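The values are calculated or read from the model by the stated rules, or taken from the named source; none is laboratory data. None of these values were measured; they are calculated from a predicted model. A quick note on method: Cβ atoms are made from the backbone with ideal geometry, for glycine too, and the neighbour counts reach across all protein chains shown.
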Amino acid sequence: MRFPRRPFVGCAAVVFALSITSVRAQAPAAPVQTADLGRCVLDSGKFIEPCLLAYRTYGRLNAEGSNAILFPTWYNGRSEDLEQFFGPDKLVDTTRFFGVAVDALGDGVSSSPSNSAAQHGPAFPAITIRDMVRAEYRLATEVLHLHHLHAVVGISMGGMQTFEWIADYPDFMEKAVPIVGTPRQTSYDLLNWDLLRRLIEADPGFNGGNYTVEPSLALANEFSTLTLPSPAYIVRTVSRAEFPEYLDNSLKTWGGRDANDRLVQLEAMIAHDVTRGSESLQDAALKAHVRQLIVVATDDHLVDPAPALEWARAIHAPTYVSSGDCGHRIFVCDGPALTSAVRDFLTAP
């Protein structure tokens, strides 16, 4: 089953950027809270200690504890960036659900290279998407004392975490909505992410992660600006005369984040593969009996939609497929229609 595309009217108010967003939250600000998980043992065998996970909550948990929706952050995004998706008329209806926006490990708010005193900068251990999700599961169970989630919803790297949730904790949730995420990287994705990694590491100011002044990452930021929308979108919305101003404004949106934080999350995405390389994507998908809505964009030049669609076909999951030219910035083209489709899926019995 495929959700139909609804007519798009006007420009969507909901906009997100893959790494750093300048969009202001549209829901009332929720205070950030921090959970101390003690020691987080990682896939590598190393650990983060203290392991701190930041989060924000919206709405109220019902008496049965059955209405919680967990929403992890995208690549170097922060929970404050997710506030725009919570509210009575937003993606997560806070009159019905208890929303939990979680700062993924490495985002500069939860434990990260930039804020760890004991494991600062390049001394911070490598993490995986699975490590992020394992910490989020501990937050849900040990701190929030949840016995079940109504759903996990995530965008981009948050969508990768959603697929990881499906693979690792399928009995802990009723529904899942990965949005422009992937269960594993394609060769094209790896080419994209590896080039970004090399551009960060090659920046003159990066110095192997041992910097005292934040490196500019000018080339890395321009490459990120190139891959976030589709070529058609840039050509359609930016004239040649407007290009210098467009580039300047775009590059500014990538500022304000630590380079080591960006690198540690980037390397987590590069390693992402819910099959662990030992089984087919179809076999991995069939193991999880979770109701899923798979959301992709056909012209996504940042996260190839093919693995997510293959996953959906394996389990006959409904899909929302955007054919607009906004690429990875799916909410720019499909904001109202996509919001409605996700809300319908989350509230359906």
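Looking at LEU293, LEU286, LEU346 in this structure, which one is within 21 Å of GLN161 (Cβ to Cβ) and free of Cβ contacts under 8 Å to residues at least 40 places away in the same chain?
Answer to the selection: LEU286.
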Completion exercise
Filtering segment 57-109 for residues that are part of a loop (DSSP other than H, G, I, E, B) and on the phi < 0 side of the Ramachandran plot leaves a count of 26
Exercise for the section: Scan (1) within 17 Å of ARG56 (Cβ to Cβ); (2) among the charged types (D, E, K, R); (3) surrounded by fewer than 20 Cβ atoms within 10 Å (Cβ to Cβ) for the single condition ASP103 breaks and write down its number. Expected result: (3)
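Surrounded by 16 or more Cβ atoms within 10 Å (Cβ to Cβ), within 19 Å of VAL92 (Cα to Cα) and acidic (Asp, Glu): is that true of ASP334 in this structure?
Working: surrounded by 16 or more Cβ atoms within 10 Å (Cβ to Cβ): yes; within 19 Å of VAL92 (Cα to Cα): yes; acidic (Asp, Glu): yes.
So ASP334 fits the description; yes.
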Problem - Candidate set: segment 123-157, residues that are assigned to a strand (DSSP E or B) and of a type in the set (A, V, I, L, M); chosen: the one nearest to the chain's Cα centre (by Cα) - result: ILE155
Practice task
Write out, first by first residue and then by second, each pair whose Cβ atoms fall under 7 Å of each other, whose residues are 6+ apart or on separate chains, and whose first residue, in segment 140-154, is closer than 16 Å to GLU174 by Cβ while the second is basic (Lys, Arg) and at pLDDT 95 or above.
Solution key: HIS150/LYS175; ALA151/LYS175
Problem - Pairs where the first residue, in segment 235-252, is within 18 Å of ASN221 (Cα to Cα) and touching a residue at least 24 places away in the same chain (Cβ under 8 Å) and the second is of a type in the set (Val, Ile, Thr) and in a helix (DSSP H, G or I), C-beta under 8 Å, 6+ apart - result: LEU247/THR225; SER250/THR225; LEU251/THR225
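I want to confirm something. Restricting to segment 235-247 and keeping residues that are of a type in the set (A, V, I, L, M) and closer than 17 Å to VAL332 by Cα, which single residue is surrounded by the most Cβ atoms within 10 Å (Cβ to Cβ)?
As a first pass, look at segment 235-247 and keep what is of a type in the set (A, V, I, L, M): 235, 238, 241, 247.
Subsequent filtering for residues that are closer than 17 Å to VAL332 by Cα retains 235, 238.
Details: VAL235: 12, VAL238: 15.
This residue is VAL238.
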Handout entry: Matching entry among ASP334, ASP273, ASP299 (being of a type in the set (Asp, Glu), at pLDDT 95 or above and closer than 17 Å to MET160 by Cβ)
Key = ASP273
Exercise for the section: Go through the residues of segment 137-158 one by one and say whether even a single one is buried (at least 24 other Cβ atoms within 10 Å of the Cβ), closer than 26 Å to PHE345 by Cα and among the aromatic types (Phe, Trp, Tyr). Expected result: no
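Among helices (runs of 4 or more DSSP H) lying entirely in segment 214-269, which contain 2 or more residues that are touching a helix residue (DSSP H, G or I) at 6+ places or on another chain (Cβ under 9 Å) and more than 19 Å from ARG197 (Cα to Cα)? Steps first, please.
Numbers: elements: 218-227, 231-237, 243-252.
Because the criterion is at least 2 residues that are touching a helix residue (DSSP H, G or I) at 6+ places or on another chain (Cβ under 9 Å) and more than 19 Å from ARG197 (Cα to Cα), the helices (runs of 4 or more DSSP H) in segment 214-269 that meet it are 231-237, 243-252.
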Exercise for the section: Could you grab the pairs with beta carbons closer than 8 Å, sequence gap of 6+ or different chains, first residue in segment 24-52 and under 14 Å from ASP131 (Cβ atoms) and outside any loop (DSSP other than H, G, I, E, B), second one modelled with pLDDT of 95 or more and basic (Lys, Arg)? Expected result: CYS40/ARG134; CYS40/ARG138; PHE47/ARG39; ILE48/ARG39
Problem - Long-range neighbours under 8 Å by Cβ, at least six apart or interchain, first residue free of Cβ contacts under 8 Å to residues at least 60 places away in the same chain within segment 74-90, second assigned to a strand (DSSP E or B) and basic (Lys, Arg) - result: SER79/ARG56; GLU80/ARG56; LEU82/ARG56; GLU83/ARG56
Practice task
Would you point out the residue of segment 273-308, among those that are farther than 22 Å from VAL133 by Cα and outside any loop (DSSP other than H, G, I, E, B), that is nearest to the chain's Cα centre (by Cα)?
Solution key: ALA297
Practice task
Look at segment 159-186 and say how many of its residues are surrounded by 24 or more Cβ atoms within 10 Å (Cβ to Cβ) and of a type in the set (D, E, K, R).
Solution key: 1
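Yes or no, residue by residue, for (1) basic (Lys, Arg); (2) surrounded by 14 or more Cβ atoms within 10 Å (Cβ to Cβ); (3) under 26 Å from ILE129 (Cα atoms):
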{"site": "TYR188", "(1), (2), (3)": "no, no, yes"}
{"site": "ALA202", "(1), (2), (3)": "no, no, yes"}
{"site": "THR212", "(1), (2), (3)": "no, no, no"}
{"site": "PHE223", "(1), (2), (3)": "no, yes, yes"}
{"site": "TYR233", "(1), (2), (3)": "no, yes, no"}
{"site": "ARG257", "(1), (2), (3)": "yes, yes, yes"}
{"site": "ILE270", "(1), (2), (3)": "no, yes, yes"}
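How many residues, within segment 197-212, are polar (S, T, N, Q) and in contact (Cβ under 8 Å) with a residue 40 or more places away in the chain? If you could, list the steps in order and put the result at the bottom.
Residues of segment 197-212 polar (S, T, N, Q): 207, 210, 212.
Narrowing the set further to residues that are in contact (Cβ under 8 Å) with a residue 40 or more places away in the chain leaves 210.
Number satisfying all stated conditions: 1.
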